[in-house]
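Everything on this sheet refers to the single structure shown next.
What follows draws every value from the coordinates through simple rules; no lab data is involved. Being a predicted model, the structure only gives us computed values, none of them experimental. Methodologically, a virtual Cβ is constructed for each residue, glycine included, from the backbone with ideal geometry; neighbour enumeration extends over all protein chains shown.
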Amino acid sequence: MQNITRKEGLQEALPILISEFIENMKTRFGQSGDIIYRELLLGTIPAVIVYIEGMGDPRFLIEALHMDSPLFKELTNQSPDDRVRMLKDLTITMGKVGEATTYSEVEENVLSGNTVVFIEGTSTSLYVGTEKLKQRGVEEASSQSVVRGPREGFTESLRENTALVRRRIQSPKLRIEERKVGEHTHTQLAVMYMDGLADTEVLDELRTRLNGIKLDSVLESNYIEEMIQDHRYSPFPTVYNSERPDVIASAILEGRIAILVEGTPFVLVVPALFVQFFQSSEDYYQRWDFASLVRLLRYLCFGIALLTPSLYIAISTFHQEMLPTNLLTSLIGQREGVPFPAFIEAVIMEITFEILREAGIRLPKSIGQSVSIVGTLVIGQAAVEAGLVSAAMVIVVSITAIANFALPAFNVGISVRILRFGLMAIAASFGLYGMIIGLIVLGLHLCSLQSMGVPYMTSFAPIRWRSQKDALLRLSRHNMKKYMGKVKS
Amino acid sequence: MLGRTILSVLLMTSLIITSGCWSRKELNELAVVMALGIDTHKDGYAVSAQVLNSSELATKSGGSIGSLPVVTYKSVGKTVPDALQRMLSMAPRMLYLSHVRVLVLGEDLARQGVSDVLDYISRNHQLRTNFFMLIAKNGNASEILEVVTPFEYIPANSLYSSILISEKKWAATGKVTLQQFVNELKQSGSDPILSGVQLNGSSAEGQSVENVKKISPSTLLQHAGLGVFKGDRLVGWLGEPPSKTVNYVLNRVESTAGYVSCPSGGIVGFTVNRADTSLDVMLSAENIPRFSVKMEIEADINSVQCPININQPSAIEALERSIEDKYNENIEKHVKDVQQRYGADIFALGEVLHRKYPQVWKTYRSHWGESFQSMSIDVHSHVAIRRIGSIIQPLNQEVDEK
């Protein structure tokens with residue numbers, strides 16, 4: 001609030017004198033050391049260029065303005081307003097040039113890395129596109145690596161990212177709508193979609209939701225994701241994200257809408273369907289039969305990661321008659337002497353594993369390794385030998401964890417991790433009966449979810465036979481001549 | 001609104017916790033009964049239960065004190081559940097019956113009738129219906145459950161797998177589950193059979209682990225033919241050849257071995273690889289049923305102990321014919337024998353008639369026991385020899401030729 005009142009107190013229109021301009025700018029920005037006011041003469045006319053060191057690079061602009069060109073002599077003879085026009089049309093060699101007549105315009109341009117040229121005698125200044133941010137180059141996407149397929153990943157620069165997508169879809173129908181969000185951060189946001197392929201209803205819905213965003217700051221795409229997702233309290237993600245340009249390009253080609261945010265390599269995609277979280281870009285780069293089998297394997301992993309500990313608890317404490325006799329004798333032998341009930345045992349092991357995972361994730365790589373060694377040794381062997389947990393439980397927890405890692409989307413892995421504990425508690429209290437009820441509730445919940453108005457379980461519920469070619473399985477490209485996944489609400 | 005949601009979630013969570021897992025039983029709170037034996041006793045039934053001694057199964061060292069992996073508890077009660085309850089005065093854990101693999105009935109009990117015992121066994125929800133049933137021939141069930149067996153250190157498992165393998169490869173035992181037994185018992189057109197088991201050696205020596213520390217254990221469990229039931233009472237035992245006949249007629253033979261004599265003296269041994277039997281019934285003009293047994297047998301020659309020229313197709317054909325004759329003759333003889341001696345329809349001929357001619361069956365239903373004895377049965381077998389093994393001529397013939 002303070003900000004706004006202070007702004008309102010200041011005058012908006014630019015002055016005519018350089019000294020007044022610089023003085024006012026300094027009041028607005030304070031004594032920030034990175035803002036450079038470079039005064040120079042265009043022929044005989046004094047001018048000043050303003051930019052932020054590090055964000056803008058006006059080297060070529062300064063060179064252009066220092067040229068001993070006959071134009072500058074002519075400049076003196078022009079009226080102040082024509083001087084600006086002449087500079088803009090004839091002298092400045094940069095691609096992006098425009099006029100700025102108010103302080104807020106100047107402010108905005110300077111902050112986004114442009115350079116503002118103010119010439120004495122007129123209240124119209126020019127801004128020149130000189131953004132040049134030191135940034136990470138295009139590197140391999142670390143969160144979704146593939147064996148076969150493009151290695152590029154998005155970077156933190158929005159422009160770079162839109163270019164990466166554009167390079168893959170060289171079509172005039174690829175549209176980019178830009179806007180800024182964040183009261184303080186003024187973060188650039190780009191909505192990318194294929195005109196004609198993207199559903200206009202979904203697009204309108206997205207625009208409304210983006211317009212409704214009231215945030216002070218946007219530093220990562222999750223800020224946006226949380227604001228636009230349909231269900232705040234569902235453990236399942238209803239917005240997909242990826243840092244791979246090829247994934248985003250294919251999503252856009254399927255009629256989905258991508259949201260790119262300045263400052264993060266993670267790009268959002270809406271609408272996101274349940275099946276999407278089980279697809280990897282590599283499914284399309286490998287043979288279709290293999291891809292289909294791998295996809296089925298992922299659904300199996302989802303089941304394993306979600307259910308194994310609770311199934312183990314339910315069967316070993318309520319339904320021993322379901323086990324084959326030989327398995328029962330071996331399980332009984334292992335559980336002999338374990339002091340805790342199966343549920344407590346499972347919770348201890350699962351929590352220990354979560355601790356290890358959390359500890360390992362943010363540590364430097366070299367220390368992370370020793371954490372995992374200690375973890376395996378301590379938990380895997382010592383705990384079993386000490387008789388604290390049974391060997392079978394270690395197997396159950398490890399297969400659960402490994403299956404969890406096999407899920408291609410990290411955020412659906414998180415939902416599984418959360419739900420697993422709930423199912424374990426239900427299994428410990430009500431056995432398989434409780435688990436089935438829990439799963440029914442889960443199924444109902446999944447079917448009630450929507451992403452931008454599109455049912456989350458689309459292609460299963462409501463069932464779409466045509467899109468089955470690329471849902472549970474990935475059939476040969478000959479069978480998918482048209483884009484199958486065109487999403488409609 | 002939010003407050004109410006939180007409250008209801010809390011209440012529902014407390015529902016889970018306060019109800020307290022009432023049917024929960026941890027694995028290490030169970031005494032898993034692997035085999036159950038039931039004998040007669042003057043005060044009702046003597047029940048013996050072979051229970052898993054789970055601390056001996058522990059893979060880690062420390063829990064084990066070197067005792068045997070099973071314990072057999074014995075107790076007496078008016079009813080079987082009564083005796084099982086009394087067993088808890090000795091057993092430290094709850095008896096868990098779902099994993100019973102074999103039910104052994106003493107011969108005395110079997111001769112008195114097994115219905116009363118089976119009533120409990122079928123009624124109890126914990127017991128599955130797919131375990132095997134055996135009769136302790138010439139002895140008590142408890143003796144059978146007290147023998148330490150080689151290979152499988154849980155004797156019940158040993159008994160279980162030996163039933164499976166002997167039924168599959170030897171064909172003179174019966175793999176009869178509770179389900180099957182009760183079905184055959186309750187059908188009016190059939191009588192059940194049960195396989196017998198007996199001790200080969202002394203009971204006392206078999207009880208200790210010393211038994212299996214020898215290269216040739218002094219006491220072993222041995223399958224001993226089929227027991228014939230009339231209704232729920234054991235009426236007699238069949239030897240090995242009649243037992244095979246029963247399995248042939250009931251189409252339960254998977255593979256077995258046999259021999260046939262050569263025309264020129266000596267014998268030829270064969271293995272049966274596939275045997276398919278179909279029972280059929282025809283009515284004569286006076287509505288008298290006449291049963292026929294059709295058998296399709298595929299056999300391999302496995303040993304030739306006589307001088308025949310086996311590379312002649314005619315010799316093979318002659319062998320096939322003589323095997324067929326042997327089958328026809330033996331099976332007819334054994335069936336007659338069962339008809340005459342026991343009058344128990346263990347071949348389920350009554351059911352065949354019932355299914356094909358329900359109207360005719362009605363006239364026989366009430367007195368099938370007697371009528372069965374006079375039914376005539378024809379046997380038609382067809383034998384095909386498929387393989388003669390890795391060599392052609394008999395070794396002794398080659399020796400002669402030199």
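Between helix A:342-362 and chain A there is an angle of about 30 degrees, using the helix long axis and the longest principal axis of the Cα atoms. Note on B:Ser48, A:Ser415: ascending count of other Cβ atoms within 10 Å places them as A:Ser415, B:Ser48, the fewest first.
Seen from all directions on average, region B:312-375 presents a Cα convex hull projection of 5.4 nm².
The share of alpha-carbon pairs in the protein assembly as shown lying farther apart than 53 Å comes to 47%. Of interest is the spacing of the C-alpha centroids, which for region B:221-284 and region A:365-384 amounts to 62 Å. Counting only DSSP beta bridges whose two residues both lie in the protein assembly as shown, roughly 75 percent are antiparallel. Taking amide H as placed 1.01 Å from N in the peptide plane, B:Val51 has its amide H under 5 Å from the amide H of B:Met34, B:Val71, B:Thr72, B:Tyr73, each at least 5 places away in sequence or on another chain.
Among the listed pairs B:Lys244/B:Lys362; A:Lys73/A:Lys180; B:Lys186/B:Lys294, a Cα-Cα separation exceeding 29 Å is found for B:Lys244/B:Lys362; A:Lys73/A:Lys180. Projecting the Cα atoms of A:Thr115, B:Trp361, A:Thr130 onto the dipole axis of the protein assembly as shown, where Lys and Arg carry +1 and Asp and Glu carry -1 at the beta carbon, places B:Trp361 farthest toward the positive end. For region A:286-455, a/c is not less than 1.5, where a ≥ b ≥ c are the root eigenvalues of the C-alpha gyration tensor, and a/b does not top b/c. That puts it in the oblate class.
A cut-off of 5 Å between modelled amide H atoms, ignoring neighbours fewer than 5 places along the same chain, links B:Val197 with B:Ile135, B:Ala136, B:Lys137, B:Ala224. When peptides B:196-208, A:335-347 are sorted by average Cβ neighbour count within 10 Å, with the highest value leading, the order is A:335-347, B:196-208.
Distance between the modelled labels on B:Leu7 and B:Asn396, one decimal in nanometres: 9.8 nm (7 Å Cα→Cβ projection). Placing +1 on each Lys and Arg Cβ and -1 on each Asp and Glu Cβ, with no other charges, gives the protein assembly as shown a dipole about its Cα centre of roughly 1200 debye.
Taking the fewest neighbouring Cβ atoms within 10 Å as the starting point, the ordered list for A:Lys365, B:Lys169 is A:Lys365, B:Lys169. When both bridge partners sit in region B:27-237, DSSP labels roughly 65% of those beta bridges antiparallel.
Residue ranges A:461-469, B:176-184 sort as B:176-184, A:461-469 when ordered by packing (mean number of other C-beta atoms within 10 Å per residue, highest first). Across region B:250-265, coupling constants 3J(HN,Hα) worked out from phi with the 6.51/-1.76/1.60 Karplus curve, θ = phi - 60°, read 7, 6, 10, 8, 9, 7, 7, 10, x, 8, 9, 7, 7, x, 9, x Hz, and Gly and Pro carry x.
When peptides A:263-272, A:246-255 are ranked by their average number of other Cβ atoms within 10 Å per residue, the highest-first order is A:263-272, A:246-255. What you get for region B:293-344, charging only the Cβ of Lys and Arg (+1) and of Asp and Glu (-1), is a dipole of about 300 debye around the Cα centre. Under conditions of 37 °C and 0.692 mPa s, region A:325-397 yields 251 µm² s⁻¹ as its translational diffusion coefficient, taking Rh as the Kirkwood radius over Cα pairs in the Stokes-Einstein equation. All Cα-Cα separations within region A:82-174 were binned at 10 Å from zero, giving a P(r) of 14, 31, 25, 19, 9, 2, 0, each value a whole percent of the pairs. I need the shape label for region A:260-383. Rule: rounded when a/c is under 1.5, else prolate if a/b > b/c, else oblate, with a, b, c from the alpha carbon gyration tensor. Oblate, since a/c reaches 1.5 and b/c is not below a/b.
Near A:Gln450, the amide H atoms lying under 5 Å from its own belong to A:Tyr456; only residues 5 or more places off or on other chains count, and H is placed 1.01 Å from N. Applying the Kirkwood pairwise sum to the alpha-carbon positions of region B:251-402 produces a hydrodynamic radius of 17.5 angstrom. Just how far, in whole angstrom, is region B:23-37 from region A:421-483 if you go by their alpha carbon centroids? Comparing the Cα centres of region A:421-483 and region B:23-37, I get a distance of 38 Å. Taking every residue in B:50-57 and counting other chain Cβ atoms within 10 Å of its Cβ, the average works out to 4. Max-minus-min Cα coordinates of region A:2-128 on each principal axis give 49, 30, 22 Å, with the largest extent listed first. Peptide A:422-429 is shielded by partner chain Cβ atoms: per residue, an average of 2 of them sit within 10 Å of its Cβ.
Taking the longest Cα principal axis of chain A as reference, the axis of helix A:391-405 is set at about 30 degrees. If both residues of a DSSP beta bridge must be in region B:271-402, then about 50% of such bridges are antiparallel.
Remark: A:Phe460, A:Phe302 ranked as A:Phe460, A:Phe302, counting other beta-carbon atoms within 10 Å and listing the fewest first. Taking 20 °C and 1.002 mPa s as conditions, chain A diffuses translationally at an estimated 80 µm²/s according to Stokes-Einstein applied to its Kirkwood radius (Cα pairs).
Does chain B classify as rounded, prolate or oblate by the C-alpha gyration tensor (a ≥ b ≥ c root eigenvalues; a/c under 1.5 gives rounded; else a/b over b/c gives prolate, otherwise oblate)? In terms of gyration-tensor shape, prolate. Per-residue shielding of A:309-322, expressed as the average number of other chain Cβ atoms within 10 Å of the residue Cβ, stands at 3.
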